[in-house]
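Student: Before I ask anything, here is the structure I am working with.
The values are calculated or read from the model by the stated rules, or taken from the named source; none is laboratory data. Please read these numbers as outputs of a predicted model, since none were measured by experiment. So basically every Cβ, Gly included, is an ideal-geometry build from the backbone, and we count neighbours across all protein chains shown. Keep in mind that these areas ignore ligands, DNA and RNA; they rest on the heavy atoms of the full protein, side chains included. Shrake-Rupley method; radii C 1.70, N 1.55, O 1.52, S 1.80 Å.
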Amino acid sequence: MINLLNGEWYKLGKSRSFLVCCICIVASVCLLYGMLFLVDEVQKGNVENGTAGVFVTVDGQEPLSGQSVFESVTVGEILQNIMVVFVVLISGIFNIIFVVGEYGNGAMKNLAGKGYSRGKIFAAKHMVCMLTTEIMVLLSAILNYALGCIFIGKACLEGAVLKDYVIYVLLISALVVAINSIIAVISEISRSLAVGIVVVVCVAGGISSLLFNALDLLLHNFSVQPSSYWLTNLMEECPVSGFETEIVLRIVISVVVWFGVSFAAGMWHFHKADIK
Amino acid sequence: MMQSVLTGTVFVLLGATGILGIRLWRYRKQINHISEELSVLREEDTNYRLSSYCAVGKTEEVIRKTNDIIGHYRESEKKLKKENAAYRQSITSISHDIRTPLTSAKGYIQIMQEAEINPEKRMKYAAIVEQRLDDVNDMLNQLFEYARIEADEMSWETEVLNVGNLFAETVSMFYDDFVEAGCEPEVEIQNAPCHIMGDRHAFVRIVENLIKNALVHGEGDYRITFQSEGGYAVICVSNKTSSIEKKDIGRIFERFYTTDQSRSRKTTGLGLAIVRKFTEKMGGTAEAVLEGEQFSITVRIPLASE
Amino acid sequence: MEKSGITERKSMDYILKTNNLTKTYGKTNAVDSVSIHVKRGDIYGFIGKNGAGKTTFMRMVAGLAAPTRGEIELFGKRDLEKQRKRIGTLIENPGIYPNMTAEENLEVIRRSFGITDKNAVKDMLAFVGLGDTGRKKVKNFSMGMKQRLGIAISLFRNPDFLILDEPINGLDPAGIKEIRDLLLKLNTERNITILISSHILGELSKIATRYGIIKGGALIEEFAAEELSEKCRRCQKLAVDNAELAVTILEEKLHITEYDVPESGMLRVFGHLDESARVNRELITGGVEVRESYLAGQDLEAYFMDLLGES
């Protein structure tokens with residue numbers, strides 16, 4: 001299996017889509033900070049409110065001079081936005097392209113049935129998907145931290161803030177990886193780009209959260225709350241500081257269960273599927 | 001203070017153990033994998049080569065070198081099979097070659113045994129029978145000589161030989177044969193004396209076999225030259241031919257190799273193999289070149305150091 | 001069982017043997033109880049119309065699809081996963097990454113299978129004639145070059161058995177000759193057994209040593225190349241109304257024993273071709289209606305078309 005991973009790693013290095021996705025992540029983080037910088041300038045009065053079509057209001061009113069958006073927001077909160085909005089979408093899209101592409105160009109034929117068991121092949125491919133996801137998460141986290149230090153200043157570098165940031169990154173990585181595991185397995189089973197894109201859009205666009213909330217209402221009488229164990233809801237719920245045991249536990253359980261189930265489903269399907 | 005140093009040390013030790021543990025695991029996996037693949041290679045006749053489970057230490061180098069050895073082994077196996085096949089075929093055709101003149105001789109003798117045969121015809125037939133027996137003798141001689149060379153049982157006496165003289169002597173022995181072939185050869189022998197270290201008999205045989213080969217297979221345009229060049233005694237025998245193709249050139253020095261598929265001429269395919277063997281024993285090289293219809297063999301033997 | 005030294009090499013009878021191999025999709029059997037036998041050193045030609053089940057069969061042997069029923073034996077053994085290390089396959093279009101160069105594609109294979117020889121990629125590319133493609137991406141390759149890369153991939157692990165599904169599909173005549181020469185070389189020099197499917201019969205007949213005919217998912221005939229030339233012999237073909245009577249006349253009156261009855265109403269006489277007029281006369285006077293009588297030598301195409309089409 002180590003050899004399989006070696007091959008995949010080499011492929012990744014030559015993959016243009018991986019590069020493009022990473023650049024997208026970098027671009028979106030920079031864009032976000034650009035926006036915030038603009039808001040800050042408007043607040044400070046250096047720039048007219050309404051420049052570049054950006055209107056800033058604080059509690060429905062024009063911002064008072066002297067306030068700085070960078071003082072009211074922590075680096076962790078910025079990361080939360082980045083994760084929920086950008087990272088899930090971009091990593092999800094990359095994973096679909098990667099998984100479906102393998103079948104499209106028939107490269108799977110070279111590996112399947114050549115001495116490696118189906119299980120090993122699937123495990124290796126899945127691991128690579130998760131690895132790329134993690135790389136994208138870490139890329140955005142580190143970049144965010146760096147830009148945060150530049151714009152927010154000294155507050156970022158405090159020991160406590162850093163410690164919270166690291167813990168948050170750990171938790172959110174687990175969640176994003178679990179989400180991508182589901183996306184990857186669905187792509188593998190459907191082998192269709194269309195299905196994959198629909199799923200990613202649903203997940204990243206918040207539709208899945210809505211679905212689970214609806215499920216809550218349905219099962220209201222049984223006092224069961226499925227949405228508290230759904231990954232995208234948990235992403236939004238996940239605090240950036242002051243981590244209570246309860247939520248951490250819920251996150252860990254959900255990640256393990258969802259990842260485990262999707263991995264098992266993918267493994268089972270790949271084991272018996274015909275490879276075109 | 002002490003506590004953090006202690007914790008730090010513990011962490012470092014744990015880390016080191018972890019790394020070493022992983023390395024050990026990798027070595028074990030790799031060795032198990034190699035052992036398994038070697039069992040397969042040992043038991044099956046296969047083109048497969050060893051692969052690596054994971055790169056650790058020098059194991060990949062070991063794999064590479066083992067694969068090289070396996071490759072060589074299979075190559076020599078193949079070569080051996082081919083040579084055996086060629087050898088078996090040669091035995092068959094040689095026995096056929098020997099049988100043919102003997103049968104012919106026997107036929108003539110049977111005719112001769114008839115009482116009504118006139119003495120003139122009888123003499124003629126007797127001469128033919130003698131010729132046939134000579135042919136068989138020649139073939140057998142060549143065969144036995146080659147067998148002894150292969151077994152390194154030839155007597156070999158190294159002495160200083162005057163190449164020019166010896167060469168001229170041997171060539172002149174074939175004068176009659178060239179007359180019979182109706183084509184006088186172009187002979188060039190340099191005047192300046194030069195010497196080599198080698199066995200007299202072997203050297204004569206080299207020249208003999210080269211000329212015989214030209215006579216039997218060539219179709220004219222015979223050129224026989226000798227000169228010293230760049231520290232070597234260079235002998236070249238060339239002739240016109242249409243029975244050799246470029247692809248035969250590489251194999252022409254192989255024992256039992258002959259382009260005469262019909263075996264209409266009495267060749268054992270050993271003449272040139274002997275040339276090469278003897279040449280190499282004297283530290284030289286033999287090389288064949290085909291240019292259009294002109295075929296030539298060049299033998300280079302290092303000169304004796306003065 | 002540990003033995004020191006080199007144990008006596010086993011020579012198994014068959015490289016590939018399948019036993020009633022079946023693949024069912026829904027209600028139809030794409031492959032129906034196929035039992036083929038491929039001997040070591042064979043070039044086994046798999047012949048059948050498009051959709052007859054050749055590709056599905058090969059995919060099962062290659063491990064890409066699971067059989068519904070039946071067994072496969074590779075190299076005389078049943079542990080297919082391990083044995084498949086020794087086979088190379090090229091099924092339908094080659095599995096290559098279009099955005100990478102030929103060298104990079106082979107490098108992925110090299111790493112995935114842990115092949116340690118660093119020059120393996122360069123050597124293989126030179127071997128198949130792609131040594132000078134440099135940085136050209138595979139998506140810009142011609143069809144022939146892509147096929148060659150596919151073959152390079154299938155040969156990369158020094159296989160003993162090659163499974164090729166329509167490898168000359170889409171190649172120009174020069175390319176076809178190259179592949180044919182290559183396959184022959186591999187078969188004689190490296191002792192590689194080849195299972196090759198094609199619908200270009202002329203090509204196949206140049207190199208195949210055994211044939212397997214597939215129709216409707218089932219193996220209808222399996223025979224060696226020598227037998228094929230037997231079957232395509234020159235003969236006198238007769239269309240008669242009473243084959244039994246005709247046969248009796250052949251045997252009793254004409255003493256002809258070399259004949260066969262390929263289908264009712266048809267007679268094929270293999271010997272005595274110069275006496276065809278006499279055969280006609282005897283049959284007619286004996287009471288047999290001879291509707292057609294002509295000399296025929298079946299070529300391969302016709303023979304296979306017969307087998308695949310009308311029968």
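Student: List, in order, the whole-Hz ³J(HN,Hα) value for each residue of segment B:98-113 obtained from phi through the Karplus relation with A = 6.51, B = -1.76, C = 1.60 and θ = phi - 60°; use x for Gly and Pro.
Tutor: Whole-Hz 3J(HN,Hα) from phi for segment B:98-113: 6, 5, 4, x, 5, 4, 4, 4, 4, x, 4, 4, 4, 4, 4, 6.
Student: To continue, here is another question. How high is the relative contact order of segment B:159-302, in percent, with contacts defined as C-alpha pairs under 8 Å that are six or more residues apart?
Tutor: Rounded, it is 23 percent for segment B:159-302.
Student: Here's another thing I want to ask about it. With +1 on the Cβ of every Lys and Arg and -1 on the Cβ of every Asp and Glu, and nothing else charged, how large is the dipole of the protein assembly as shown about its Cα centre, in debye rounded to the nearest 20?
Tutor: Result for the protein assembly as shown is approximately 1920 debye, rounded to the nearest 20.
Student: If you consider only alpha-carbon coordinates, what radius of gyration and Dmax does chain A have, in Å?
Tutor: 21.0, 69
Student: Separate question: From Cα coordinates alone, what are the radius of gyration and Dmax values for segment B:159-302 in angstrom?
Tutor: 14.5, 44
Student: Show which lysines lie in cross-link reach of C:Lys253 when reach means a straight Cα distance below 27 angstrom and same-chain residues fewer than eight apart are skipped.
Tutor: C:Lys231, C:Lys237
Student: Give the accessible surface of segment B:83-150 per residue, rounded to a whole number of Å², with probe radius 1.4 Å and ligands, DNA and RNA excluded.
Tutor: 70
Student: Under 17 Å between alpha carbons, and skipping anything fewer than 8 positions from A:Lys154 in its own chain: which lysines qualify?
Tutor: A:Lys163
Student: Okay, next question. How much net charge surrounds A:Lys125 when only other residues with a Cβ under 9 Å from its Cβ are counted (Lys, Arg +1; Asp, Glu -1)?
Tutor: Taking every other residue near A:Lys125 into account, the sum is -3.
Student: State which entries of A:Lys109/C:Lys139; A:Lys125/C:Lys118; B:Lys246/C:Lys122; B:Lys82/B:Lys240; B:Lys82/C:Lys17 exceed 21 angstrom in Cα-Cα distance in the structure shown.
Tutor: Where the Cα-Cα span goes over 21 Å, the pairs concerned are A:Lys125/C:Lys118; B:Lys246/C:Lys122; B:Lys82/B:Lys240; B:Lys82/C:Lys17.
Student: Please compute the contact order of chain C in relative form: average sequence separation of alpha-carbon pairs under 8 Å and at least six residues apart, divided by the residue count, as a percent.
Tutor: Relative contact order for chain C comes out at 20 percent.
Student: As an exercise, identify the chymotrypsin sites (Phe, Trp or Tyr not before Pro) in segment A:217-272 lying in DSSP coil whose Cβ has no more than 16 other Cβ atoms within 10 Å.
Tutor: A:Phe243
Student: Expressed as a whole percent, how much of the Cα-Cα distance distribution for the protein assembly as shown exceeds 56 Å?
Tutor: It works out to 41 percent of all Cα pairs.
Student: Taking amide H atoms as placed 1.01 Å from N in the peptide plane, list the residues 5 or more away in sequence, or in a different chain, whose amide H sits under 5 Å from that of C:Tyr259.
Tutor: Residues meeting the criterion, in which the H sits 1.01 Å from N, are C:Phe270.
Student: Using just the C-alpha positions of segment B:113-159 as equal point scatterers, what log10 of I(q)/I(0) does the Debye formula give at each q in 0.16, 0.23, 0.24 1/Å?
Tutor: Values returned for q = 0.16, 0.23, 0.24 Å⁻¹ are -0.61, -0.83, -0.86.
Student: Let me ask something else about it. Seen from all sides and averaged, what is the projected area of the convex hull of the Cα atoms in segment C:193-311, in nm²?
Tutor: That works out to 8.2 nm².
Student: Here is a further query. When the gyration tensor of segment B:2-57 is built from Cα positions, what are the square roots of 5 times its three eigenvalues, in whole Å, from largest to smallest?
Tutor: Each semi-axis is the square root of five times an eigenvalue, giving 42, 8, 4 Å.
Student: Give me the tail of P(r) for segment B:83-150 as a percent: Cα-Cα pairs with distance above 19 Å.
Tutor: Cα-Cα pairs in segment B:83-150 separated by more than 19 Å: 46 percent.
Student: Let me ask something additional. Accessible surface of C:Lys54 in the full protein assembly, 1.4 angstrom probe, to the nearest 10 Å²?
Tutor: 10
Student: Taking the Cα atoms of chain C, report the difference between the largest and smallest coordinate on each principal axis, in whole Å and largest first.
Tutor: Result for chain C: principal-axis Cα extents of 79, 50, 47 Å.
Student: Specify which residue in the list B:Gln131, B:Ser90, A:Phe222 is farthest towards the positive end of the charge dipole of the protein assembly as shown, using unit charges on the beta carbon of Lys, Arg (+1) and Asp, Glu (-1), about the Cα centre.
Tutor: A:Phe222
Student: For segment A:96-143, what percent of Cα pairs sit more than 13 Å apart?
Tutor: Cα-Cα pairs of segment A:96-143 separated by over 13 Å account for 63 percent.
Student: Quick check on chain B: of the DSSP beta bridges with both residues there, what percent are antiparallel, nearest 5%?
Tutor: Around 90 percent antiparallel, to the nearest 5.
Student: Where does segment A:181-276 land on the Kirkwood hydrodynamic radius, alpha-carbon pairs, in angstrom?
Tutor: So the Kirkwood estimate lands at 15.0 Å.
Student: I've got another one for you. For each pair in A:Lys114/C:Lys146; C:Lys77/C:Lys206; C:Lys85/C:Lys185, compute the distance between the two Cα atoms and list the pairs where it is over 25 Å.
Tutor: Pairs exceeding 25 Å: C:Lys77/C:Lys206.
Student: Ignoring ligands, DNA and RNA and using a 1.4 Å probe, state the total buried accessible area between C and A in Å², rounded to the nearest 100.
Tutor: 2500
Student: Measure off, as a whole percent, the carbon and sulfur share of the 1.4 Å-probe accessible area of segment B:2-57, all protein chains present.
Tutor: Of all accessible area on segment B:2-57, carbon and sulfur atoms account for 70 percent.
Student: If you rank C:Ile192, A:Ile97, B:Ile244 by how much accessible surface each has, with a 1.4 Å probe, what is the order from largest down?
Tutor: A:Ile97, B:Ile244, C:Ile192
Student: Please compute the average number of Cβ atoms from other chains found within 10 Å of each residue's Cβ in peptide C:97-109.
Tutor: Partner-chain Cβ atoms within 10 Å, mean over residues of C:97-109: 4.
Student: From the phi angles alone, apply the Karplus equation (6.51, -1.76, 1.60; θ = phi - 60°) to segment A:172-187 and give each ³J(HN,Hα) in whole Hz, x where the residue is Gly or Pro.
Tutor: Result, ordered by residue: 5, 4, 4, 5, 4, 4, 4, 4, 5, 4, 4, 4, 4, 5, 5, 4 Hz.
Student: Could I ask something else about it? Using a 10 Å cut-off on Cβ to Cβ distances, tally the other chain neighbours for every residue of B:49-59 and report the average as a whole number.
Tutor: Mean partner-chain Cβ count within 10 Å for B:49-59: 4.
Student: Right, here's the next one. Could you name the aspartates and glutamates whose alpha carbon sits less than 15 Å from that of A:Lys44, not counting residues in the same chain fewer than 8 places away?
Tutor: A:Glu62, A:Glu71
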